[in-house]
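Everything on this sheet refers to the single structure shown next.
The values are calculated or read from the model by the stated rules, or taken from the named source; none is laboratory data. Bear in mind that the values here come from a model prediction, so they are computed numbers and not experimental data. All Cβ positions, even for glycine, are placed from backbone atoms using ideal geometry, and neighbour counts span all protein chains on display.
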Amino acid sequence: MSFVKNYFELDVYLLSRELSKEIYLITRRFPPEEKFSLTDQIRRASRSIGAQIAESWAKRRYVNHFISKLTDSDAEQYETRHWIEVAYDCDLVSIEELNSILIKCENINRKLNAMINKANLFCINNQ
């Protein structure tokens, strides 16, 4: 794709970074006993979304590898949803924070699926 030269220019990647920052700021308030469980889990999942997008970019030589990494990114997005819902159930986040995260996750999901459906346009050997 001539209009995007690097993964860090992708809207979905920028949104994933925004999400991971929001998760970080929210989880700073979590109780100390959650440090190695809920806090760690949700931070890892949210940070992995962007990491998988970056990895997918490196695997653009092969459409199936590219799609596989984007699928992994989407799975991390779903895991992030799960953990923020658990945090909400435990009264660690407000309904507004929950909804903000879920909206970002849905946008990421939509953008990743669009990339998956148009993978040939992103892959090096198909340009």
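Within the range 12-29, is there a residue that is outside any helix (DSSP H, G or I), in contact with a Phe, Trp or Tyr (Cβ under 7 Å, 6 or more places away or on another chain) and crowded, with 18+ Cβ neighbours inside 10 Å? Spell out how you get there, then give the answer.
Taking the range 12-29 as the starting set, the residues that turn out to be outside any helix (DSSP H, G or I) are 28-29.
Filter once more, keeping what is in contact with a Phe, Trp or Tyr (Cβ under 7 Å, 6 or more places away or on another chain): none.
No, the conditions are met nowhere in the range 12-29.
Residue count for the range 63-95 satisfying the condition of being closer than 17 Å to ASN117 by Cβ and either of a type outside the set (A, V, I, L, M) or modelled with pLDDT under 95 (or both): 10. Filtering LEU38, LEU10, LEU14, LEU25 for residues that are over 18 Å from ASP89 (Cα atoms), in contact (Cβ under 8 Å) with a residue 40 or more places away in the chain, out of contact with any Cys (no Cβ under 6 Å at 6 or more places or on another chain) and among the hydrophobic types (A, V, I, L, M, F, W, C) leaves a single hit, LEU10.
For residues that are touching a residue at least 24 places away in the same chain (Cβ under 8 Å) and among the small types (Gly, Ala, Ser), scanning just the range 94-127, find the one that is nearest to GLU76 (Cα to Cα). Explain how you work it out, then say what you get.
Initial filter on the range 94-127 (touching a residue at least 24 places away in the same chain (Cβ under 8 Å)): 97, 100-101, 104-105, 107-109, 111-113, 115-116, 119-127.
Add one more test, that the residue is among the small types (Gly, Ala, Ser), and what stays is 100, 119.
Numbers: SER100: 17, ALA119: 19 Å.
Checking each candidate, the answer is SER100.
Of the residues in the range 46-57, at least one is over 23 Å from LEU98 (Cα atoms) and among the aromatic types (Phe, Trp, Tyr).
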